Amino acid sequence: MKLLINFVILLFYSNTLLANITNEIIKKLDETNNITFEFEQISNNQNENGKCLLVFPGKLKCIYNSEDGKEILVTNKSLYIIKHKFKRSYRYPIKNSAFNIILNKKKILENLKIIDSSDVKETSNKYFYEIRANERIYVKIFFGKKNKMLKGWETISYNQEPVIFNILNPVINSELKEKFILPNYSN
């Protein structure tokens, strides 16, 4: 009987602790308007890196350290993969993608507020939540254990491969001078 009581107390304590952590994450994310950061992207056994600017709601610009001048630009309802070396850009709608969640702080906050604390997972340095909008849209969102800041995400790509995107050295709410302008390449 004593063992059962200890188990119930431990279970209650850990759920309360995770609920408090979720509230801290919600507060930190709610205060965040933009994040400037370096990144590491892992997909198809390929590591890519570069620098990004994420502006809530709905804007992301990532410049990759690559020979072909790869850049990702998300504005409004489209994602563009730009290859400056070849003067090409490729457009993809984000309506049915994980970016529709990742770049929408309001949607993330709504999901965090309704998530059961038992659904909060953790590793040695981060917490994560899984959000499945439908059978095609799945995202795992990571937050730092120490600072409760957005730390990255994991999604499934258009070709059904996992993509892990790690945020490194984030700076929140910096003064912005960056423009989200698509280059005028005729495809």
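The values are calculated or read from the model by the stated rules, or taken from the named source; none is laboratory data. Note that the structure is predicted; figures quoted are calculated from it, not measured. Using ideal geometry, Cβ is built from the backbone for each residue, glycine included, and neighbour counts are taken over all protein chains shown.
Taking Ser89 as the residue in question, decide whether it is surrounded by 13 or more Cβ atoms within 10 Å (Cβ to Cβ), out of contact with any Cys (no Cβ under 9 Å at 6 or more places or on another chain) and assigned to a strand (DSSP E or B).
Values: surrounded by 13 or more Cβ atoms within 10 Å (Cβ to Cβ): yes; out of contact with any Cys (no Cβ under 9 Å at 6 or more places or on another chain): yes; assigned to a strand (DSSP E or B): yes.
In short, yes.
The set of residues in segment 103-139 that are closer than 18 Å to Asn159 by Cβ and not hydroxyl-bearing (Ser, Thr, Tyr) comprises Glu135, Arg136, Ile137, Val139. In segment 56-68, the count of residues that are closer than 30 Å to Glu175 by Cβ, polar (S, T, N, Q), out of contact with any Phe, Trp or Tyr (no Cβ under 9 Å at 6 or more places or on another chain) and at pLDDT 90 or above is one or more. Restricted to segment 156-184, and to residues there that are surrounded by 13 or more Cβ atoms within 10 Å (Cβ to Cβ) and over 19 Å from Leu53 (Cα atoms), the residue that is modelled with the lowest pLDDT is Ile156.
Listed here are the residues, each with its yes/no results for (1) over 17 Å from the mean Cα position of the chain (by Cα); (2) buried (at least 18 other Cβ atoms within 10 Å of the Cβ); (3) at pLDDT 90 or above.
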position	(1), (2), (3)
Asn134	yes, no, no
Tyr138	no, no, no
Ile141	no, yes, yes
Leu150	no, yes, yes
